[in-house]
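What follows is a single structure, written as structure tokens, with notes after it.
The values are calculated or read from the model by the stated rules, or taken from the named source; none is laboratory data. Note that the structure is a prediction, hence the values are computed from the model and not measured. Here the Cβ positions follow ideal geometry from the backbone for every residue, glycine too, while neighbour counts run over all protein chains shown.
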């Protein structure tokens with residue numbers, strides 16, 4: 001299967017109608033965070049806001065709520081029960097189920113941490129919820145601990161592993177770079193999911209089509225960059241793009257924001273929140289011509 005490198009045919013968000021309202025652009029529910037890792041879920045939420053979701057809600061451990069809520073007033077927050085280490089527990093499931101009833105897309109994983117209860121919680125959400133879901137970070141690590149769940153998605157799924165996480169999902173120590181694309185295509189087909197294997201020339205595939213991204217730079221190799229991508233793909237999916245298209249466009253815009261940040265700041269000084277800062281310009285450059293604006 002030949003990967004497509006050309007970025008000229010990227011999907012685009014339609015221009016917004018004059019009579020649009022916040023409900024027109026979906027509700028992104030981000031489930032994540034733990035004591036010491038509240039920044040991950042916060043950046044995913046900020047990226048979902050900047051990515052254009054009409055509403056964003058962060059569901060986080062109760063012990064992290066004040067920190068997360070105090071960072072940005074534009075998203076909503078909901079507390080979830082947690083253990084003594086500040087990680088979500090199984091009793092959070094009924095609250096999450098209630099929240100997903102109004103969610104367009106769920107992002108699961110940023111900053112969750114690791115525990116046996118989290119492994120069980122993530123597996124249940126992945127297998128049983130019909131709502132579209134983007135899974136990243138410790139959400140992926142939980143799935144790797146129970147790999148039989150991967151081929152049992154309850155609804156549409158986008159998985160966004162870096163190479164190490166991808167290897168763990170496959171039950172391997174590592175996947176050589178020259179074999180990664182073929183492995184991603186096979187895994188996406190077997191799991192019935194869209195896969196985004198991150199890194200230099202990120203690979204995006206649904207097991208049929210495969211795309212290789214050409215934006216981005218080494219300055220993006222910094223903690224939190226993946227959380228930004230998770231929130232961005234979630235927002236694009238909320239606005240009506242198909243999962244493969246949301247992943248393709250999200251990866252492109254994420255890299256473009258990184259290129260804009262590197263041009264302004266230099267690669268060495270970049271941090272993940274700079275990507276959020278430059279997302280508006282990246283999105284502006286991807287807008288369709290004004291003549292495409294609906295009446």
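Is it true that residue 246 is surrounded by 24 or more Cβ atoms within 10 Å (Cβ to Cβ) and more than 19 Å from residue 40 (Cβ to Cβ)?
So residue 246 fits the description; yes.
Quick check on my filter: what residues within the range 188-229 are within 20 Å of residue 143 (Cα to Cα) and more than 17 Å from the chain's Cα centre (by Cα)?
189, 190, 191, 192, 207
Scan (1) in contact (Cβ under 8 Å) with a residue 24 or more places away in the chain; (2) within 29 Å of residue 181 (Cβ to Cβ); (3) out of contact with any helix residue (DSSP H, G or I) (no Cβ under 7 Å at 6 or more places or on another chain) for the single condition residue 36 breaks and write down its number.
The one condition residue 36 does not meet is (2).
I need the full set of residues from the range 96-134 which are farther than 21 Å from residue 161 by Cα and assigned to a loop (DSSP other than H, G, I, E, B), in order please.
Residues satisfying the conditions are 101, 102, 103, 104, 130.
Right, residue 256: surrounded by 20 or more Cβ atoms within 10 Å (Cβ to Cβ), within 24 Å of residue 22 (Cα to Cα) and at pLDDT 95 or above or not?
Answer is no for this residue.
Kindly indicate whether residue 185 is buried (at least 17 other Cβ atoms within 10 Å of the Cβ), touching a residue at least 60 places away in the same chain (Cβ under 8 Å), over 18 Å from the mean Cα position of the chain (by Cα) and farther than 20 Å from residue 56 by Cα.
So residue 185 passes the test.
Conditions tested, residue by residue: (1) in contact (Cβ under 8 Å) with a residue 60 or more places away in the chain; (2) under 20 Å from residue 10 (Cα atoms); (3) in contact with a helix residue (DSSP H, G or I) (Cβ under 6 Å, 6 or more places away or on another chain).
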{"site": "173", "(1), (2), (3)": "no, no, no"}
{"site": "181", "(1), (2), (3)": "yes, yes, no"}
{"site": "210", "(1), (2), (3)": "yes, yes, yes"}
{"site": "220", "(1), (2), (3)": "no, no, yes"}
{"site": "224", "(1), (2), (3)": "yes, no, yes"}
{"site": "249", "(1), (2), (3)": "yes, yes, yes"}
{"site": "252", "(1), (2), (3)": "yes, yes, no"}
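Being surrounded by 17 or more Cβ atoms within 10 Å (Cβ to Cβ) and in contact (Cβ under 8 Å) with a residue 12 or more places away in the chain is the filter; apply it to the range 58-70 and report the residue that is farthest from residue 105 (Cα to Cα).
63
Being touching a residue at least 24 places away in the same chain (Cβ under 8 Å) and in a loop (DSSP other than H, G, I, E, B) is true for just one of 214, 230, 234. Which residue is that?
Residue meeting the stated conditions: 214.
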